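As structure tokens, the structure follows; a few thoughts come after it.
The values are calculated or read from the model by the stated rules, or taken from the named source; none is laboratory data. On a predicted model such as this, the values are computed, not experimentally measured, just so you know. Backbone-built Cβ (ideal geometry, glycine too); neighbour counts: all protein chains shown.
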Amino acid sequence: MSDTMTIHVGPRPAALGALGTYFDGETAEAQPARLRIEEGQQVLVIEVRGQQKVWPLTDIRRVPDQADREQLVLALAGDPVVRLVTDEHRLAQRCPNLSRRNSHVKRGRVLGWAMAALASVALIVFVLVPRMADQLAEYIPPEGEKALGETTLSQIRTAMNQANLEPLPFCENAEGVAALKAMETRLSDAANLPVPLSVHVLDHPMVNAFALPGGHIVFFKGLIDTAETPEELGAVFAHEMGHVVSRDPTRHALRSAGSIGVLGLLFGDFAGGAVVLFLTERLIEAQYSQAAEANADTFAMATLENAEVRPGALGDMFQKFLDKYGDAEGTSAHFLSHPKLGDRIANSSARQAEVTATGFTDTPLLTDQQWTALKGICR
Ligand SMILES: [Zn+2]
């Protein structure tokens, strides 16, 4: 989904002096952190809430995780709950014992058994649950899927507005909502969707959109601000419809939710809260597989064509993401995930050239008046 965040907005700083998210294991809160390495002492200094946590580089471990390989999830040896999440992969090269499992395994039989128990739980959480998710998705009833989506959406709204305690507000200007509905109708008729959609706009500057289980599609205000034409926004809309049709969000949520459930049993609510928030973040990032993204793009272009909208609009919108965030490694917005954005733009303009050559004509997706109303949906 689509893919963000710690919740980061905009481009990430590249160097150490980088940013991360710190989970103290005591409160259910994602705390923004600033990271730097003290070369002299060979320690990582994590500045969080005006405090400094000092982690010796030799004691930093990587937490294995199936759900997302884009981010580094780091722990401190001997501490079961504290976590640091960062995109700064260069940090990994500075930690010599990153993948060491546990240096105390041989200390005694009891500890050995405990490690074996932990290992079996880890197997369930990181290997079996993610594998089962695809099968579970086949059995979950439509009502269950919708409820899963609603719960996730309310978690996201709460998680993203920690400064004030109210959940992130929906944008509900009546004329804007009507214009968005007109766009939805035109596109969903063309897409022949198997499920009704629930479409929401969240008042947040992030340039992003994502789909949730049960036909929920969520746009952030920042995306609507960035789109220059209704067709560009419609292209993202159609892309998210592609995820809905292939049920990518459901499998993704089951993978994460399954892990949440098992981790909750393991650590209790105490650490579970932090884990829930942590995984909520990933639902927004929704880094689907390369194949899933390519399929959603193909679906989007076919839908646009059926709706008499230029398939090239998808590439036009992607170009704006590229201009805004770059195509750098580690950028976590949904649309910046692989396959490389440049390739996706090229596919879209190639398709546009094909249909233009066969006499394709387009019809505006919204009137100027509707587009102005949609632009003002958060007023
Ligand atoms: Zn996508």
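List of remarks:
- Scanning the range 293-321 for residues that are modelled with pLDDT under 95 and more than 15 Å from the ligand (Cβ to nearest atom) returns Gln319, Lys320.
- Within this structure, Thr250 passes the test of being within 16 Å of the ligand (Cβ to nearest atom) and hydroxyl-bearing (Ser, Thr, Tyr).
- Scan of the range 338-379 for residues that are outside any loop (DSSP other than H, G, I, E, B), touching a Leu at 6+ places or on another chain (Cβ under 7 Å) and at pLDDT 95 or above, ordered by number: Ser348, Leu374
- Looking across Ala163, Ala117, Ala75, Ala137, one residue alone is over 18 Å from the mean Cα position of the chain (by Cα), among the hydrophobic types (A, V, I, L, M, F, W, C) and modelled with pLDDT of 80 or more. It is Ala75.
- Among the candidates Phe220, Phe270, residue that is at pLDDT below 95, within 16 Å of the ligand (Cβ to nearest atom) and assigned by TED's automatic domain parsing to the domain that holds Pro364: Phe220
- Scanning the range 362-379 for residues that are surrounded by fewer than 17 Cβ atoms within 10 Å (Cβ to Cβ) and touching a helix residue (DSSP H, G or I) at 6+ places or on another chain (Cβ under 6 Å) returns a single hit, Gly376.
- The listed residue being more than 15 Å from the ligand (Cβ to nearest atom) and not aliphatic (A, V, I, L, M), out of His204, His239: His204
- Qualifying residue in the range 163-178 (condition: charged (D, E, K, R), surrounded by fewer than 21 Cβ atoms within 10 Å (Cβ to Cβ), away from the ligand (no atom under 16 Å from the Cβ) and under 24 Å from Ala147 (Cβ atoms)): yes
- Within the range 185-216, tally of residues that are modelled with pLDDT of 95 or more and under 15 Å from the mean Cα position of the chain (by Cα): 0
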